[in-house]
1. Which option, (1) 22, 32, 23, 16, 5, 2, 0; (2) 28, 55, 16, 1; (3) 31, 61, 8, is the value of P(r) over Cα pairs in 20 Å bins from 0, in percent that was calculated from these coordinates?
2. Mind checking which aspartates and glutamates have their C-alpha under 14 Å from Lys267, skipping anything on the same chain fewer than 8 residues away?
3. Arranged from highest to lowest average of other beta-carbon atoms within 10 Å per residue, in what order do the peptides 132-142, 277-287 appear?
4. Filter Lys24/Lys78; Lys299/Lys347; Lys78/Lys164 down to the pairs with a C-alpha to C-alpha distance above 22 Å, please.
5. Suppose all protein chains stay in the model; what accessible area per residue would a 1.4 Å probe give for the range 68-217, in Å²?
6. So, in Å, what gap is there between the alpha-carbon centers of the range 160-211 and the range 296-365?
7. Please compute the length gained on full extension between Ile316 and Asn132, using 0.36 nm multiplied by the number of residues separating them and subtracting their Cα-Cα distance.
8. Which whole-number percent gives the relative contact order of the chain, counting Cα pairs below 8 Å spaced six or more residues apart?
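The values are calculated or read from the model by the stated rules, or taken from the named source; none is laboratory data. These numbers come from a predicted model, not from an experiment. All Cβ positions, glycine included, derive from the backbone under ideal geometry; neighbour counts span all protein chains shown. Each accessible area value is taken on the protein alone, full model and side chains, heavy atoms only, with ligands, DNA and RNA left out. Shrake-Rupley method; radii C 1.70, N 1.55, O 1.52, S 1.80 Å.
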Amino acid sequence: FLFFWFGWCVVCLDGSPPAYHFDKGSGAGVDNWIVHMEGGGWCEDVPTCLSRKDTDLGSSKQMVKQFGFSGLLSGQQKSNPDFYNWNRIKVRYCDGSSFTGDAVDRANNLFFKGNSIWEFIIADLLAKGMRNAKNAILSGCSAGGLASILHCDRFRALLPASTKVKCISDAGFFLHAQDVSGGKHIEEFYGKVARLHGSVKNLPASCTSRMGARPELCFFPQYVVQTMQTPIFFVNSAYDSWQIKNILAPSAADKSKAWKSCKLDLKKCTAAQLKTIQDFRTQFLSALNRAGVVNSPSKGMFIDSCYAHCQVGKQIQWSSDSSPVVSNMKIAKAVGDWYYERSPIKKLDCPYPCNPTCPKVDSDS
């Protein structure tokens, strides 16, 4: 069910209260908690934020009251054996800044209160019993997957030292890279988001203190993860469909639309385009390595070669007969083994198009 939090200046873009869905834990999972943050991109200027304002990405008035949980949040033991009986929370995303904003635009009646939303919802969950958690996970997909990185150490700090706390980022490792025109589209985009929402002061200080005059670059995980203290697991495609469409070959950098059909279906890419995409994978893996993910005993990863974006929230990709497999393992088993430390998990797929278990279509969401 949808829970609303009413608080002073803790509001969605339109001024409505933020919200989350909650499925209570049972049995042995009653003291275990998963807080999963919804994705949905960002708004970088007044027009794009106004366009979100009257949707469920900007207003709780537009949100459904009940919400089906699947994948990592599934309550079915067979399909989610490690986490099915935990307290499972889906935090709705209505601020457009990966829960980092702290500003108000009175002229346009827009509220950029993402950081306050996150703080107040976590406080509400602590009061509802999470303060007694034995196990706790902060996770998210896409913009929520980025939020799970940005807020991971703060989440750890809010829970008792005795709680086993880890984070999971699904499709949240957005790469600081040039686009196909040689431009810096994504860097400029995140800079606009940070300025509009007043995000910089809420990005991890362990990162911003090292970035000099460019603290907004701490929107990019490759700079944040280097100094993170809390264990974290990355589920990501090395060919993330959102990143290829919006970081590597955004429409603004592809005026001739030469990439249009390739972005929809990698089978339609030219040899030159495929080489560019393979180079993007190399950059992505290098950034993961430099961030310390590959060699850290507390960090885990499941990097497949599917043309996909967000994979833990859907049963078909999390744990089903048609889920992607890397080194004889599906995502649900990899995450569970890593969380419970049954084995260290560093799964890296071979290059596209080698994996026959990948879904046949792009799973962008």
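1. Given (1) 22, 32, 23, 16, 5, 2, 0; (2) 28, 55, 16, 1; (3) 31, 61, 8, the calculated one carries the label (3).
2. The reachable aspartates and glutamates, counting only those whose Cα sits under 14 Å from Lys267, are Asp362.
3. Details: 132-142: 24.3, 277-287: 17.2.
Those peptides, ordered most packed to least, come out 132-142, 277-287.
4. Details: Lys24/Lys78 18 Å; Lys299/Lys347 12 Å; Lys78/Lys164 24 Å.
Checking Cα-Cα distances, Lys78/Lys164 exceed 22 Å.
5. 34 Å²
6. Distance between centres, Cα-based: 23 Å.
7. On the way: separation 184, 0.36 × 184 = 66.24 nm, distance 3.27 nm.
Stretched fully, the Ile316-Asn132 segment lengthens by 63.0 nm.
8. Numbers: 818 pairs, mean separation 57.9, N = 365.
Relative contact order here is 16 percent.
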